[in-house]
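The values are calculated or read from the model by the stated rules, or taken from the named source; none is laboratory data. Quick caveat: nothing in here was measured; it's all calculated off a predicted structure. When we count neighbours, we look across all protein chains shown, and the Cβ atoms used for this are built from the backbone with ideal geometry, even at glycine.
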Amino acid sequence: MHPLFDFAWRIAAIAVCISCGRQVWVGLVERKITFFNTDLLDWWSPNQVFHRDTTPVRYWMQIGLKAFTTVVCFLGTIIGWWQPNS
């Protein structure tokens, strides 16, 4: 692959890793996490905030999803756009 593509892939993975990692950290400290609505057909609806005490299932689902995304993007940063030679 082109080296510029590999560099761009790693920069994007670092940015998403830092963003999701910060959201998980702040969500655990403040005991609430915000779910940002990214649906193009429903862009006018407000963002939803899940509190650990009132909606624990949705809270932990968001924390788990963001933590998983953080780990995957961290691995993507280390590995890059690796494709085995055949």
Selected residue [surrounded by 15 or more Cβ atoms within 10 Å (Cβ to Cβ), of a type in the set (A, V, I, L, M), modelled with pLDDT of 90 or more and under 18 Å from the mean Cα position of the chain (by Cα)] from ILE18, ILE63: ILE63
Here's a check for you: in region 21-34, which residue that is of a type in the set (A, V, I, L, M) and assigned to a helix (DSSP H, G or I) is surrounded by the fewest Cβ atoms within 10 Å (Cβ to Cβ)? VAL29
State the number of residues belonging to region 37-57 that are surrounded by 10 or more Cβ atoms within 10 Å (Cβ to Cβ) and modelled with pLDDT of 75 or more. 8
Of all residues in region 66-86 being among the aromatic types (Phe, Trp, Tyr) and either surrounded by 13 or more Cβ atoms within 10 Å (Cβ to Cβ) or modelled with pLDDT of 90 or more (or both), the one that is farthest from GLN23 (Cα to Cα): TRP81
Report the residue count in region 13-31 for those that are of a type outside the set (S, T, N, Q) and over 13 Å from THR77 (Cβ atoms). 9
Meets criteria (assigned to a helix (DSSP H, G or I), at pLDDT 80 or above and surrounded by 13 or more Cβ atoms within 10 Å (Cβ to Cβ)) for ILE11: no
